[in-house]
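Below: one structure, written as structure tokens.
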Amino acid sequence: MNKRRNVLSETLKINEIFFSIQGESTFAGLPCVFVRLSGCNLRCSWCDTEYAFYEGEFYTIEKILAEIKEYKCSLVEITGGEPLLQKNVLPLMEILCDNGYEVLLETGGHMDISEVDQRVKRIVDIKCPESGESNKVLIQNLGCLSKTDQLKFVLSSKSDYAWAKNFINEHKLSGTCPIIFSPVFGRLDNRDLAEWILADKLPVRMQLQMQKYIWPPDARGV
């Protein structure tokens, strides 16, 4: 009990906590509580949350749990920034799972996911070349994936698409877990991506960032 009490007093730098419609992943369309952590050690060319690099304030885990509870929603996503930069995110996710929440983790694919509670659904980005960060992909993470996890490729161009297709084949990822292809909003035409997937009969899920079609694309807290 004392150990758990001590964990609750640990802190994380939080950019925002908000309640919205899940716009991405196979959970798209569901109400969800988002906990956005501050800080990221990547600088993707298409990043839409640069405000999370530095902005934020320190919350105790106890305060985070209390805010989440207020929304009366069982689906919670931990996102960033890059949430795995802050080690106290691990006990936060464990406590959420213990309390019956369905927990999603959105991570950039360059941080070790092996220590994340196995009950968490890990959404692992694989950075394509036009992100400028494809050399940071941590290949060891691929061996940690389970059927409940997801891989996400954010695509800027036809060359990104070709690279992602080759990556899937090279690492024999089909059937490992759901694989998502998402076009960079405003940069890659949705129809083009759909037609490439169909032409190649690629077993991936195409995903649009739903929140950007519901609210202004640069809106925060949605």
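Read-outs throughout are calculated quantities, based only on the coordinates presented, and are distinct from any laboratory measurement. Since the structure is predicted, the reported quantities are computational estimates derived from the model, not experimental observations. A quick note on method: Cβ atoms are made from the backbone with ideal geometry, for glycine too, and the neighbour counts reach across all protein chains shown.
Inspection of the stretch 22-36 identifies no residue that is surrounded by fewer than 16 Cβ atoms within 10 Å (Cβ to Cβ), among the acidic types (D, E) and not in a strand (DSSP E or B).
Selection of the stretch 44-69 for residues being closer than 14 Å to F18 by Cβ and of a type in the set (A, V, I, L, M) yields A52, I64, I68.
Scan the stretch 16-56 for residues that are among the β-branched types (V, I, T), touching a residue at least 40 places away in the same chain (Cβ under 8 Å) and within 16 Å of D218 (Cβ to Cβ) and jot them down. Selection gives nothing. Among the residues of the stretch 87-114, those identified as under 24 Å from R43 (Cα atoms) and either assigned to a loop (DSSP other than H, G, I, E, B) or of a type in the set (D, E, K, R) (or both) are K87, N88, E106, G108, G109, H110, M111, D112, I113, S114. In the set (1) within 17 Å of D117 (Cβ to Cβ); (2) part of a loop (DSSP other than H, G, I, E, B); (3) in contact with a strand residue (DSSP E or B) (Cβ under 8 Å, 6 or more places away or on another chain), the condition left unmet by I78 is number (2).
Scanning the stretch 57-74 for residues being without any contact (Cβ under 8 Å) to a residue 12 or more places away in the chain and either of a type in the set (A, V, I, L, M, F, W, C) or in a loop (DSSP other than H, G, I, E, B) (or both) gives a total of 2.
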